[in-house]
Amino acid sequence: MRPRPPVKGRGIFSGTGLILSVLAGTVVALLVPLWSYTHRSATPPDLLSARTVATQYGPLSELDRDFVTNVRLTGLWELTAGQQAEEKGTTDAVRSAGRHLVQGHTSLDRRVRDVAA
């Protein structure tokens, strides 16, 4: 079988034209979000300065406190789930997973309470 000679005159639909078109589209897709956010300011200063407390680890904002609260609430829920898995698990794997949850979330709860203090 003989190789086919290259076809000329396809323009943008040739292999090189298609690759260049895709690359140009990618560059445009990356730059448009940058241009759309140039008129916006950075993080609003009142969001970080409102009720922000200086700690030994750095500033602690209201959003940070909400995050710590949510971590503790989630940990307490998973701690209870782990205790139930330990007590009511029908297989060794479930009981082992329950023990792992209890140990991990007890440690996490201790850390969260230290950070919250």
Filter result for the condition that a residue is part of a helix (DSSP H, G or I) and surrounded by 13 or more Cβ atoms within 10 Å (Cβ to Cβ), over R113, R95: R95
Can you tell me how many residues in the range 82-91 are open to solvent by 50 Å² or more (accessible area, probe 1.4 Å) and assigned to a helix (DSSP H, G or I)? 5
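Listed here are the residues, each with its yes/no results for (1) more than 11 Å from V115 (Cβ to Cβ); (2) touching a strand residue (DSSP E or B) at 6+ places or on another chain (Cβ under 9 Å); (3) at pLDDT 80 or above; (4) part of a loop (DSSP other than H, G, I, E, B).
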residue	(1), (2), (3), (4)
T43	yes, no, no, yes
L48	yes, yes, no, no
L63	yes, no, yes, no
F67	no, no, yes, no
N70	yes, no, yes, no
L73	yes, no, yes, no
W77	yes, no, yes, no
T80	yes, no, yes, no
On the basis of being of a type in the set (V, I, T) and either touching a Gly at 6+ places or on another chain (Cβ under 8 Å) or open to solvent by 100 Å² or more (accessible area, probe 1.4 Å) (or both), does V102 make the cut? yes
Neighbours by Cβ (under 8 Å, 6+ apart or cross-chain): first from the range 81-104, of a type in the set (K, R); second open to solvent by less than 40 Å² (accessible area, probe 1.4 Å): R95/A85; R95/G89; R99/G82
Which condition number in (1) closer than 22 Å to H105 by Cα; (2) open to solvent by less than 100 Å² (accessible area, probe 1.4 Å); (3) of a type in the set (A, V, I, L, M, F, W, C) is the one that L60 fails? (1)
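The values are calculated or read from the model by the stated rules, or taken from the named source; none is laboratory data. No experiment lies behind these values; they were computed from the predicted model shown. Note that each Cβ is placed from the backbone with ideal geometry, even for glycine, and that neighbours are counted across all protein chains shown. We work out accessible area using only protein heavy atoms, side chains counted, and drop any ligands, DNA or RNA first. Shrake-Rupley method; radii C 1.70, N 1.55, O 1.52, S 1.80 Å.
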